[in-house]
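> Handing you this structure, nothing more for now.
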Amino acid sequence: MKSLGAAIGFLTVLPMPTRWLGGEKELARSVAWFPLVGALIGCSVALLDRGLGLILPPTVVSVISVLALLAASGGLHMDGLADTADGFFSVRSRERMLEIMRDSRSGPMGVMAVCGVLLLKTSALAAVPPPLRLPAIVLMPIAGRTALTLHLAVLPYARSEGGLASVFRPSRGLGMLAVALLTGSAWLLLGRPGLLTAAASLAAMLLLAVYSKFKIGGFTGDTLGAACEVTELVPALAAAALAFGGI
């Protein structure tokens, strides 16, 4: 179970006893638990959202819930989104993009990407009616963490030198299992519309994987964070679209 502790310790800000974390071996194996960690985050934020919904209007609660999703990982994935946007939209060579992504400072593209994703998450969630709201919140981090597993499974590491993200090298079968878990969760929570939500999330994951492969030849820790944040947005958008369309 040290691999589960490693997954929780890596993906969240929850303090984990050192003896539960293990070493690099357990960290490498922790990828199998990423969707489950997403489910734990989603259920926790859904409970928070439900409680606050009793005393605050939906728009305010939506802001708090989105911030709670962000805080759960300590902003780790959002930082990756900012760095990825700065690199990918710099119109530079592959090597220069990778250098820009290493810079801890956020440029204008990174700031716009972060603001855009946060605004879309908040507005989409605010538009979701109560019957779909809690399922959407639970599915958001599951989809995001599934994107991590799938990208790790199907893309090569983009940098010539090793990095923390290069430790994770799951099989493609594990990536497909993560997608199956997302699909099953969406079906249980939303029924047939959940399958549309899962399909939209998978499409986003694959498009982002193709784009990352095209831009830099694979993945880095930053592109994983970007994939997580963008894919996490999809269930909220899908739920809002389902409600708007009367499905």
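> Any residue that is open to solvent by less than 60 Å² (accessible area, probe 1.4 Å), under 19 Å from the mean Cα position of the chain (by Cα), more than 27 Å from residue 7 (Cα to Cα) and at pLDDT below 95 - is there at least one of those in region 71-81?
Within region 71-81, none of the residues are open to solvent by less than 60 Å² (accessible area, probe 1.4 Å), under 19 Å from the mean Cα position of the chain (by Cα), more than 27 Å from residue 7 (Cα to Cα) and at pLDDT below 95.
> Could you pull out the residue among 100, 137 that is touching a helix residue (DSSP H, G or I) at 6+ places or on another chain (Cβ under 8 Å), buried (at least 17 other Cβ atoms within 10 Å of the Cβ) and free of Cβ contacts under 8 Å to residues at least 24 places away in the same chain?
On the way: 137 fails: free of Cβ contacts under 8 Å to residues at least 24 places away in the same chain.
Just one listed residue meets the conditions, 100.
> Moving to a separate point now. Among the listed residues 166, 160, which satisfies the condition of being outside any helix (DSSP H, G or I), at pLDDT below 95, open to solvent by 10 Å² or more (accessible area, probe 1.4 Å) and out of contact with any helix residue (DSSP H, G or I) (no Cβ under 8 Å at 6 or more places or on another chain)? Talk me through it step by step, then tell me what you get.
Values: 166 fails: outside any helix (DSSP H, G or I).
Of 166, 160, the one residue that is outside any helix (DSSP H, G or I), at pLDDT below 95, open to solvent by 10 Å² or more (accessible area, probe 1.4 Å) and out of contact with any helix residue (DSSP H, G or I) (no Cβ under 8 Å at 6 or more places or on another chain) is 160.
> Here are some conditions: (1) buried (at least 19 other Cβ atoms within 10 Å of the Cβ); (2) more than 21 Å from residue 172 (Cα to Cα). Residue 209 meets all but one. Which one does it not meet?
Against the list (1) buried (at least 19 other Cβ atoms within 10 Å of the Cβ); (2) more than 21 Å from residue 172 (Cα to Cα), residue 209 comes up short only on (2).
> Between a first residue in region 14-39 that is at negative phi and a second residue that is outside any helix (DSSP H, G or I) and at pLDDT 75 or above, which pairs have beta carbons less than 8 Å apart while being 6 or more apart in sequence or on different chains?
As it stands, the answer is 37/12, since those pairs meet every condition given.
> Okay, moving on. The conditions are (1) over 29 Å from residue 27 (Cα atoms); (2) open to solvent by 30 Å² or more (accessible area, probe 1.4 Å); (3) in contact (Cβ under 8 Å) with a residue 24 or more places away in the chain, and residue 195 fails exactly one of them. Which is it?
If we test residue 195 against (1) over 29 Å from residue 27 (Cα atoms); (2) open to solvent by 30 Å² or more (accessible area, probe 1.4 Å); (3) in contact (Cβ under 8 Å) with a residue 24 or more places away in the chain, just (3) comes out false.
> Among the candidates 178, 200, 204, 236, single out the residue that is modelled with pLDDT of 95 or more and closer than 23 Å to residue 32 by Cβ.
Numbers: 178 fails: modelled with pLDDT of 95 or more; 200 fails: closer than 23 Å to residue 32 by Cβ; 236 fails: closer than 23 Å to residue 32 by Cβ.
Within the list 178, 200, 204, 236, the selection yields 204.
> Which residue, of 62, 3, is polar (S, T, N, Q) and either at pLDDT 90 or above or outside any helix (DSSP H, G or I) (or both)? Before the answer, list the steps.
Working: 3 fails: either at pLDDT 90 or above or outside any helix (DSSP H, G or I) (or both).
From the options 62, 3, the qualifying one is 62.
> When residues of region 44-79 are filtered for being closer than 20 Å to residue 146 by Cβ and touching a Ser or Thr at 6+ places or on another chain (Cβ under 7 Å), how many remain?
So the count comes out to 4.
> Looking for something closer than 25 Å to residue 180 by Cβ and either of a type outside the set (S, T, N, Q) or surrounded by 13 or more Cβ atoms within 10 Å (Cβ to Cβ) (or both) - is there at least one such residue anywhere in region 59-69?
Start the filter on region 59-69 by keeping residues that are closer than 25 Å to residue 180 by Cβ, which leaves 69.
Now restrict to residues that are either of a type outside the set (S, T, N, Q) or surrounded by 13 or more Cβ atoms within 10 Å (Cβ to Cβ) (or both): 69.
So far as region 59-69 goes, yes, one or more of its residues are closer than 25 Å to residue 180 by Cβ and either of a type outside the set (S, T, N, Q) or surrounded by 13 or more Cβ atoms within 10 Å (Cβ to Cβ) (or both).
> Please state which one of 241, 203 is of a type in the set (Gly, Ala, Ser), within 13 Å of residue 136 (Cβ to Cβ) and open to solvent by 40 Å² or more (accessible area, probe 1.4 Å). If you could, list the steps in order and put the result at the bottom.
On the way: 203 fails: within 13 Å of residue 136 (Cβ to Cβ).
On inspection, the qualifying residue turns out to be 241.
The values are calculated or read from the model by the stated rules, or taken from the named source; none is laboratory data. The shown structure was predicted, so the numbers you read here are calculated from the model rather than taken from an experiment. As a convention, Cβ positions derive from the backbone with ideal geometry for all residues, glycine included, and neighbour counts pool all protein chains shown. Accessible surface is based on the protein model in full, side chains and every heavy atom, while ligands, DNA and RNA are left aside. Shrake-Rupley method; radii C 1.70, N 1.55, O 1.52, S 1.80 Å.
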